[in-house]
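The values are calculated or read from the model by the stated rules, or taken from the named source; none is laboratory data. Because the structure is a prediction, the values reported are computed rather than measured. When we count neighbours, we look across all protein chains shown, and the Cβ atoms used for this are built from the backbone with ideal geometry, even at glycine. Surface areas here come from the heavy atoms of the whole protein model, side chains and all, with no ligands, DNA or RNA. Shrake-Rupley method; radii C 1.70, N 1.55, O 1.52, S 1.80 Å.
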Amino acid sequence: MIKRIYLLTILLIVCLLTGCGNKTEKMCRIEIRNENSTEVITLEQQSWADVYDFFDFDVDEWTEYENFDEELVSEYVIELYQEKTHTRVQFDKENTYEKIMEYTTYKDSDMVKVVISKDAIKSGSVSEEYLTFYYKGSEQFFSALNNVLK
């Protein structure tokens with residue numbers, strides 16, 4: 001339960017600090033890779049409403065797992081990127097997105113590993129251990145993923 005509160009607090013801070021509530025909404029990109037990284041599906045120009053629908057951020061639908069099953073084999077890695085804050089001076093015109101979250105699904109399992117990117121928090125002092133969570137993914141999340149993969 002403490003991890004869930006911690007995750008929600010981090011997500012709220014990330015959204016507030018990265019401009020989710022600004023008049024000019026930052027767009028997102030979702031990249032889905034298979035376990036071999038041979039196939040990449042990219043969803044460009046996603047609004048936060050699209051992202052919310054895809055990942056099903058409704059906390060009541062996701063159940064936290066206490067332990068990770070080491071025997072699971074990863075199936076898909078889903079990375080969520082958000083546009084960087086626009087400034088008058090853009091040093092890196094090529095890299096306009098920053099990774100904020102990564103989800104990993106596993107074969108024959110409903111477990112999803114969720115990792116919040118250190119770049120999204122803007123602090124190198126938080127251990128990855130505190131930014132990694134394991135959940136039973138919601139039906140809506142797996143349905144959205146399967147629809148994109150078709």
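Summary table below
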read-out: Evaluation of Leu12 against (1) at pLDDT below 90; (2) open to solvent by less than 40 Å² (accessible area, probe 1.4 Å); (3) within 17 Å of Ile116 (Cα to Cα) (one fails), failing number; value: (2)
read-out: Region 26-51, residues that are outside any strand (DSSP E or B) and either at positive phi or surrounded by 14 or more Cβ atoms within 10 Å (Cβ to Cβ) (or both); value: Lys26, Met27, Glu35, Ser37, Trp48, Asp50, Val51
